[in-house]
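The values are calculated or read from the model by the stated rules, or taken from the named source; none is laboratory data. Predicted, not measured: the structure shown is a model, and the values here were computed from it. Every residue, glycine among them, receives a Cβ derived from its backbone with ideal geometry; neighbour counts consider all protein chains shown. Just so you know, the surface numbers come from the protein's heavy atoms only, side chains and all, with ligands and any DNA or RNA stripped out. Shrake-Rupley method; radii C 1.70, N 1.55, O 1.52, S 1.80 Å.
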Amino acid sequence: MAGKSSKLKKFRILMLIQTIIILILVILLVWAVFLRGGDADGRVVPANADVEGDPEVRTHAVIEKEETFYQLDGKKILLSDSTYGEIYLPVYENVPAFSHDRDSIITRNGYTFYKENGAVTSIAGIDVSTHQGEIDWEQVKAAGVEFAMIRVGFRTYGGGEIKFDESFRTNLSGANAAGIKTGVYFFSQAISTDEAIEEADALIDAIAPYNITYPVVFDWELIYDDNARTDNIPVETLTDSCIAFCERVRSAGYTPMIYQNKRTTLFKLDLPRLQDYDFWLAEYNDSPSYYYDIDMWQYSCTGTVPGIQGEVDLNISFKDYSAQ
């Protein structure tokens, strides 16, 4: 009996020691996660912090992720697929739906505009690159174009090199001289947040001499007709890259925006995490069938505008960024 009592006593002591060790580890974990969180210097840096002082300071986005299921309200998005036919997607309850009246979108003579209370409230625009050749911006202005989104650069989808559009300086100078408001975009093939930041910095440096009053846009696109370094990019990586680019742009004092078509948006972006950024939709219909809200709409890739030879993308903006 004495031997059993001694063993029981040793067992209880071991259990007490294990309990104390576990308690100490829990306390250390709580201290590390909740009390010491921040940047490398121990300072918490919010992603949307204003930049004070030196205007050249650019923030590195703090990308927050919440592991949870999004609440749904039972609504559905129906799409057509060549393999499955009609396919179904649930609607995010916490992502705002399209806020405009689709019946108020009017198309006449190949141009689309939005009317409220009998008056046109949308802003007419185009987007251009070196592919449009030499542009007579005075004629473009006279034709009623109020803003232009101009490609500044791109990353190659094979080698991943950053290059600048050969015409971006001429286009920005010409549009501004004609009284057309300008925004810019970068055709991205980023496969990481570091590459997205590299693209944003290249773009920001290039547009510094110009008066940019419309958004600075992250235009990431799938390559359909060739193999690309961006093939099979994870949803999380692409969403993180959107945030990294947009926060870099915001820290430089510009309005960030994401450009995307309907299907890539629905299939490749974690939309609830991107609600801080304006959205530019590419969808070529009489009115957008995209369920969620948009700020700018590219409604045609086959438009014609005096002063531009050949076809050009046509857009409307639902708000006047130059007045903000």
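Ordered by solvent-accessible area of protein heavy atoms (1.4 Å probe), largest first, the residues Ile22, Ile223 come out as Ile22, Ile223. Across the range 211-302, Cα-Cα pairs farther apart than 16 Å form 57% of the total. Since only Ala282, Ala206, Gln189 are under comparison, the one whose Cα sits farthest along the positive direction of the charge dipole of the range 181-283, derived from C-beta charges on Lys, Arg, Asp and Glu, is Ala282.
Backbone phi angles across the range 105-118, fed through the Karplus curve with coefficients 6.51, -1.76 and 1.60 (θ = phi - 60°), yield HN-Hα couplings of 8, 10, 10, 9, 6, x, 10, 10, 8, 10, 10, 10, 6, x Hz in residue order; Gly and Pro are listed as x.
Please compute the net charge surrounding Asp201, taking Lys and Arg as +1 and Asp and Glu as -1 over other residues with Cβ under 14 Å from its Cβ. Numbers along the way, then the final one.
Details: positive: Arg58, Arg155, Arg248, Arg250; negative: Glu56, Asp194, Glu195, Glu198, Glu199, Asp205, Glu247.
Spelling it out: positives minus negatives among the neighbours equals -3.
Ranking of Ile105, Ile24 by solvent-accessible surface, largest first: Ile24, Ile105 (1.4 Å probe, protein heavy atoms only, all chains present).
In Å², what does the accessible area per residue of the range 167-324 work out to with a 1.4 Å probe?
On the way: 5810 Å² over 158 residues.
Roughly 37 Å² per residue, with all protein chains present.
For Leu172, the solvent-accessible surface with a 1.4 Å probe is about 0 Å², rounded to the nearest 10.
Using the Cα gyration tensor of the range 132-261, with a ≥ b ≥ c the square roots of its eigenvalues, what is the shape: rounded (a/c below 1.5), prolate (a/b larger than b/c) or oblate (neither)? Please report the intermediate quantities before stating the final value.
Details: a/c = 2.18, a/b = 1.66, b/c = 1.31.
Verdict is prolate for the range 132-261.
The local environment of Gln309, defined by Cβ-Cβ distances under 12 Å, has a net charge of -3 under the rule Lys, Arg +1 and Asp, Glu -1. Net charge in the neighbourhood of Thr59 (other residues with Cβ under 9 Å of its Cβ; Lys, Arg +1, Asp, Glu -1) is +2. Computed over protein heavy atoms with a 1.4 angstrom probe, the accessible surface ordering of Tyr291, Tyr214, Tyr84, largest first, is Tyr84, Tyr291, Tyr214. When the GluC sites (Glu not before Pro) in the range 95-156 are filtered for DSSP coil states and for at most 15 other beta-carbon atoms within 10 Å of their beta-carbon, the remaining sites are Glu134. When only alpha carbons are used to place a centre, the range 195-258 and the range 97-145 end up 24 Å from one another.
Nearest 20 debye, what's the magnitude of the dipole of the range 229-283 about its Cα centre given +1 on Lys and Arg Cβ and -1 on Asp and Glu Cβ? All intermediate terms of the calculation are to be shown ahead of the outcome.
Values: 7 positive and 8 negative charges, 24 e Å.
I would put it at about 120 debye.
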